[in-house]
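The values are calculated or read from the model by the stated rules, or taken from the named source; none is laboratory data. Source: prediction; values computed, not measured. Cβ placement follows ideal geometry from the backbone for every residue including glycine, while neighbour counts extend to all protein chains displayed.
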Amino acid sequence: SAAEKGGHEYFMLKEIEEQPEALANTLRGHFESGRIILDEQRISDQDLRDVDKVFVVACGSAYHSGLVAKYAIEHWTRLPVEVELASEFRYRDPVLDRDTLVVAVSQSGETADTLEAVRHAREQKARVLAVCNTNGAQIPRESDAVLYTHAGPEIGVASTKAFLAQIAANYLVGLALAQARGTKYPDEVAREFAELEAMPAAVQKVLSTVDQVRDLGRRIADSKAVLFLGRHVGFPVALEGALKLKELAYMHAEGFAAGELKHGPIALIEEGLPVVVVMPSPKGRAVLHSKLVSNISEIQARGARTIVIAEEGDETVRPFADELIEVPAVPTLLQPLVSTVPLQVLAAEIARTRGYDVDKPRNLAKSVTVE
Ligand code: G6P
């Protein structure tokens, strides 16, 4: 009923709007007496200090949350982080031992490939930490430690609030490692946590773009394809934006690292093709920002219809944006939490306009329990 959907036509829009709460609930209780604390933990502080490599294994959107986390965890801990599709992980003989931490990210906690990856990692004596949205699911049950995302039940098949919560939880894992290993001072850990705690309010602000993005979605709903470009943490956001569009609107969509444009994707640009560009902050990553501005001018000159997600007040990008969607200024590593939101809304609205069931896309299941 409409009431269950919070007055919306579909659950996904309700779940998109629940993202500030999902983030706040995921962070709650994880910083006490100046320390990051995880949930159930059968990995000692000494084990965390001994970790010499991190793997994140997951599928779908959860995998994209891992790609985002790699930037933060490597930066904070100086540990190498590999992010791997769970379906590839155990078939290629990954190098694992007791000093490897494997972070298994899964909303449902039941995804077959992720579960098998967990089992493989434990057989190889690696320590496994589950990031999961479902209490008592199989993946947390078989892991050494658990950090629950508290996004609440997610009905829409395409992940939204669980994805944002996964990013926040992965960041808590990074901070817990940095704390145990001493690669960040306690006051730095406290400051990073405070920045995370400011994100529910920032995401709430992004929700004020929903009407603008839905209107845009209706206008580009008959496109053949949409491309997504990003750099740094904006790259996994581009991949997630493309995945959402494939899942919901059955449209050909690809995400690219903007730096790869000249190595192929630019050949795809043709008159009227919508290209969504996820801009970094002009202040935070000025070099990347100016490179992306020149990418946008290049694709616009070749006829692309540029849709630009940029920090509010970013004037340099304005002349190259056929559509400008402004998101609040936040620290670079936290940008995915705001820049993903318009891409979720865009995919949902394109799907709705094309007459598809936004909550139950064809051929997809919420939880894929067979390989
Ligand atoms: C399915 C869902 C996706 C989800 C993926 C991984 O494909 O449709 O939204 O990202 O599974 O699910 P998990 O429960 O492991 O996070």
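Within the set of pairs 6+ apart or on separate chains, which have a first residue in the stretch 6-33 that is at positive phi and at pLDDT 95 or above, a second that is surrounded by 19 or more Cβ atoms within 10 Å (Cβ to Cβ) and not polar (S, T, N, Q), and C-beta atoms under 8 Å apart?
Between residues of the stretch 6-33 that are at positive phi and at pLDDT 95 or above and residues that are surrounded by 19 or more Cβ atoms within 10 Å (Cβ to Cβ) and not polar (S, T, N, Q), there is no close pair.
Answer yes or no as to whether residue 156 is within 16 Å of the ligand (Cβ to nearest atom) and touching a residue at least 60 places away in the same chain (Cβ under 8 Å).
yes
Among the residues that make up the stretch 136-149, is at least one of them modelled with pLDDT of 95 or more, more than 14 Å from the ligand (Cβ to nearest atom), out of contact with any strand residue (DSSP E or B) (no Cβ under 9 Å at 6 or more places or on another chain) and not acidic (Asp, Glu)?
The answer is no; no qualifying residue exists.
Residue 48 passes all but one of (1) within 16 Å of the ligand (Cβ to nearest atom); (2) at pLDDT below 95; (3) more than 26 Å from residue 235 (Cα to Cα); which number fails?
(1)
Checking the condition within 13 Å of the ligand (Cβ to nearest atom) and in a strand (DSSP E or B), which residue from 117, 130 passes?
None of the others qualify; the one that does is 130.
So which of 293, 226, 287, 210 is buried (at least 24 other Cβ atoms within 10 Å of the Cβ) and of a type in the set (Val, Ile, Thr)?
226 is the lone residue from the list that is buried (at least 24 other Cβ atoms within 10 Å of the Cβ) and of a type in the set (Val, Ile, Thr).
Report, by residue number, each residue of the stretch 76-114 that is surrounded by 20 or more Cβ atoms within 10 Å (Cβ to Cβ), within 16 Å of the ligand (Cβ to nearest atom) and in a loop (DSSP other than H, G, I, E, B).
Listed by number, the residues that qualify are 107, 108, 109, 111.
Is it the case that residue 162 is within 13 Å of the ligand (Cβ to nearest atom) and outside any loop (DSSP other than H, G, I, E, B)?
Taking the combined requirement at face value, the residue satisfies it.
When you go through (1) within 21 Å of residue 242 (Cβ to Cβ); (2) in contact (Cβ under 8 Å) with a residue 60 or more places away in the chain; (3) crowded, with 21+ Cβ neighbours inside 10 Å one by one for residue 308, which number turns out not to apply?
The number of the failed condition is (2).
Among the residues of the stretch 57-75 satisfying the criterion of being among the small types (Gly, Ala, Ser) and in contact with a Ser or Thr (Cβ under 8 Å, 6 or more places away or on another chain), which is farthest from the ligand (Cβ to nearest atom)?
Here the answer is 58.
Which residue pairs have Cβ atoms under 6 Å apart, sit 6 or more places apart or on different chains, and have a first residue in the stretch 82-105 that is in contact (Cβ under 8 Å) with a residue 12 or more places away in the chain and a second that is within 14 Å of the ligand (Cβ to nearest atom) and in a loop (DSSP other than H, G, I, E, B)?
86/59
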